[in-house]
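Engineer: Have a look at this one before I ask anything.
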Amino acid sequence: MISQAFRDMIATLLPTQSEQEVFFASLQEPLKKSFSINRHHDIDFEHNNPEFILTSSPFGKEFPDTVYVDRVDTTLALGKTRQHLTGKFYIQEVAAALPANILKGYLKDLYTLNSQPLTLLDVCAAPGGKTAQLADFLLTHNIPGFVRGNDVETKRLGTRATNIQRCGLYNTLATKLDGSQIGNLYPEFFDAMLVDAPCSGE
């Protein structure tokens, strides 16, 4: 059930009735399953795993590691497949993968410019998907460095640690700090920071 208050707010953003109808109809559609491939585990994942039917996301050529997935046999949940359990991919919505994918586009140039190991910070890291994307990119492209995955939420620390370990990402460090304190604790320390702050979901 979509509240009238939300409908009224959307009407200020999408003034025509047809735009509103398309938008609200899209909210009723099931979300396509998607994941981000951990290339350091399997650089040619598409060829080596024919049981997965992969299609590009709307950002396809720009971000080829995040794909929509379908399977002929879905009797086994995606999270229980051998490939997931061995860390070959991280189940992640396409929209959730965008921030790290955008930052990845700058990392090679950043390393070339500095010629020093990169120190990256994911400020709002739990449950670990963005940290995994960044850490995997460094390993896949032989860029020395590490990713500090930080989050203030205690309940999600275990999930983040499990995901990072499952994906074999040994170039990460997990911390639990208030993000507003990090600049005081580590002034001018990080080469790049990612802040994908928790939102309302709207």
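The values are calculated or read from the model by the stated rules, or taken from the named source; none is laboratory data. From a predicted model like this one, the values you see are computed outputs, not experimental measurements. Note that each Cβ is placed from the backbone with ideal geometry, even for glycine, and that neighbours are counted across all protein chains shown. Just the protein is used for accessible areas: all its heavy atoms, side chains included, with ligands, DNA and RNA removed. Shrake-Rupley method; radii C 1.70, N 1.55, O 1.52, S 1.80 Å.
Each row is one residue, and each column tells you yes or no for (1) in a strand (DSSP E or B); (2) in contact with a Lys or Arg (Cβ under 6 Å, 6 or more places away or on another chain); (3) within 26 Å of L169 (Cα to Cα); (4) not hydrophobic (A, V, I, L, M, F, W, C).
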| position | (1), (2), (3), (4) |
| --- | --- |
| A11 | no, no, no, no |
| L31 | no, no, no, no |
| R39 | no, no, yes, yes |
| L54 | yes, no, yes, no |
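Engineer: Can you find, within region 66-99, the residue that is most open to solvent (accessible area, probe 1.4 Å) among those that are of a type in the set (G, A, S) and within 23 Å of A125 (Cα to Cα)?
Structural biologist: Here the answer is A95.
Engineer: Can you tell me how many residues in region 162-201 are under 20 Å from K104 (Cα atoms) and not acidic (D, E)?
Structural biologist: 17
Engineer: A further question follows. Six or more apart or on different chains, Cβ atoms under 9 Å: show the pairs whose first residue is in region 184-196 and of a type in the set (A, V, I, L, M, F, W, C) and whose second is open to solvent by less than 90 Å² (accessible area, probe 1.4 Å) and assigned to a loop (DSSP other than H, G, I, E, B).
Structural biologist: Short answer, once both residue conditions are applied: L185/L177; M193/V123; L194/V123; L194/C124; L194/A125; V195/V123; V195/C124.
Engineer: Can you tell me which residue within region 114-150, out of those that are in contact with a Cys (Cβ under 9 Å, 6 or more places away or on another chain) and touching a residue at least 60 places away in the same chain (Cβ under 8 Å), is farthest from E93 (Cα to Cα)?
Structural biologist: Only one residue fits best here, namely D136.
Engineer: Please go through (1) open to solvent by less than 20 Å² (accessible area, probe 1.4 Å); (2) under 21 Å from I43 (Cβ atoms) for G105 and return the number of the only condition it doesn't satisfy.
Structural biologist: The number of the failed condition is (1).
Engineer: Filter region 160-202 down to residues that are open to solvent by 70 Å² or more (accessible area, probe 1.4 Å) and within 30 Å of Q28 (Cβ to Cβ) and give me whichever is modelled with the highest pLDDT.
Structural biologist: Here the answer is P198.
Engineer: Moving on. Since F63 meets every condition but one in (1) outside any strand (DSSP E or B); (2) touching a Lys or Arg at 6+ places or on another chain (Cβ under 6 Å); (3) buried (at least 19 other Cβ atoms within 10 Å of the Cβ), which condition does it not meet?
Structural biologist: Answer for F63: the failing condition is (2).
Engineer: Going by the conditions given, is R160 over 21 Å from F63 (Cβ atoms) and assigned to a strand (DSSP E or B)?
Structural biologist: So R160 does not fit the description; no.
Engineer: When region 15-51 is examined, which residues are found to be of a type in the set (A, V, I, L, M) and open to solvent by 60 Å² or more (accessible area, probe 1.4 Å)?
Structural biologist: V22, L27, L31, I43
Engineer: Output the residues belonging to region 140-155 that are assigned to a helix (DSSP H, G or I) and either basic (K, R) or at pLDDT below 90 (or both).
Structural biologist: Across region 140-155, the qualifying residues are T154, K155.
Engineer: Right, something else. All but one of (1) touching a Gly at 6+ places or on another chain (Cβ under 9 Å); (2) aromatic (F, W, Y); (3) open to solvent by less than 60 Å² (accessible area, probe 1.4 Å) hold for F137; which doesn't?
Structural biologist: It is condition (1) that F137 fails.
Engineer: Continuing with the same structure: Condition test on Y170, is it part of a loop (DSSP other than H, G, I, E, B) and hydroxyl-bearing (S, T, Y)?
Structural biologist: Answer is yes for this residue.
Engineer: Quick test for you: out of L110, L121, pick the one residue that is surrounded by fewer than 22 Cβ atoms within 10 Å (Cβ to Cβ) and either among the aliphatic types (A, V, I, L, M) or assigned to a helix (DSSP H, G or I) (or both).
Structural biologist: Answer to the check: L110.
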